[in-house]
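Heads up, the thing below is written out as structure tokens.
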Amino acid sequence: MRTRLYAIAALAQLAHASDPLSYHGGSILAMAGRDAAVLVLDKRIGAGNNLIGDECCRVLEASTRSLLAVRGIQGDVQSLLEDVAARLRLRRLEEGDDACQEPKTLASLVSVMLYGQRARGGAPGYSVEPVIAGLDKDGAPFLCAQDGLGAKMTSKTFVVAGTAAQSLYGSCEALYKPDLAEEELVEAACGAMAAGLDRDCLAGRDV
């Protein structure tokens, strides 16, 4: 029995080694409603199955209408958030305060930064998965999830990322309805996140 437990622990360590994105855990969900978008993520940060803390910040308020959430290796998460914030400040100094207000513009900026690291170094510079949520100038919701190379996936309903992604897809499909009002949207998104986190030991704590 003890040998079997050691084998399971070794397989778990091998899985974390082959998938560095899952090492610190974390999950993100973004959902669109009627003239609204909501972004929900957990605060857990761990080292494999071990809990390190539950006060982890992975969100950048890029503008009054767009948010960037990132999960992955925590050092890369913090570096990307700081680099994006610096790029936004530079763009606004050059072009004015109205620059980079659109969530679509933010998604393109993050995508170029992620793929640019690969073009220069031959490998991804950040082991991360970003999610962008916001409202465009007409008030329509915009949702975008990306991989570590900056490949974009947009949706008019919901996007998910993280270790609980498979569970979140199921709970979102069960709870999502088109044209939800703001309060109903928040309730549906939080309910979907709670249901998804119940089935994942690498994400959780507060949202």
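Observations on the model:
- Of the set (1) at pLDDT 90 or above; (2) assigned to a helix (DSSP H, G or I), all apply to ASP138 but (2).
Per-residue answers, yes or no, for (1) in contact with a strand residue (DSSP E or B) (Cβ under 6 Å, 6 or more places away or on another chain); (2) at pLDDT 65 or above; (3) under 22 Å from ASP147 (Cα atoms):
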site	(1), (2), (3)
MET1	no, no, no
ALA9	no, no, no
LEU14	no, no, yes
LEU21	yes, yes, yes
ALA30	yes, yes, yes
LYS43	no, yes, yes
GLY48	no, no, yes
ARG58	yes, yes, yes
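- Any hit, the range 160-170, residues being surrounded by fewer than 21 Cβ atoms within 10 Å (Cβ to Cβ), part of a strand (DSSP E or B) and at pLDDT 90 or above: no
- Residue among ALA181, ALA123, ALA188 that is at negative phi, at pLDDT below 90 and not hydroxyl-bearing (Ser, Thr, Tyr): ALA123
- Residue list for the range 171-186, filter: assigned to a helix (DSSP H, G or I), touching a residue at least 40 places away in the same chain (Cβ under 8 Å) and among the charged types (D, E, K, R): GLU182, GLU184
- Subset of the range 89-99 [open to solvent by less than 100 Å² (accessible area, probe 1.4 Å) and either farther than 28 Å from GLY148 by Cβ or in contact with a strand residue (DSSP E or B) (Cβ under 6 Å, 6 or more places away or on another chain) (or both)]: GLY96
The values are calculated or read from the model by the stated rules, or taken from the named source; none is laboratory data. Since we're looking at a predicted model, the values are computed, not measured. Because the Cβ atoms are built from the backbone with ideal geometry, glycine has one as well, and the counts that use them run over all protein chains shown. For accessibility, only protein heavy atoms count, side chains too; no ligands or nucleic acids. Shrake-Rupley method; radii C 1.70, N 1.55, O 1.52, S 1.80 Å.
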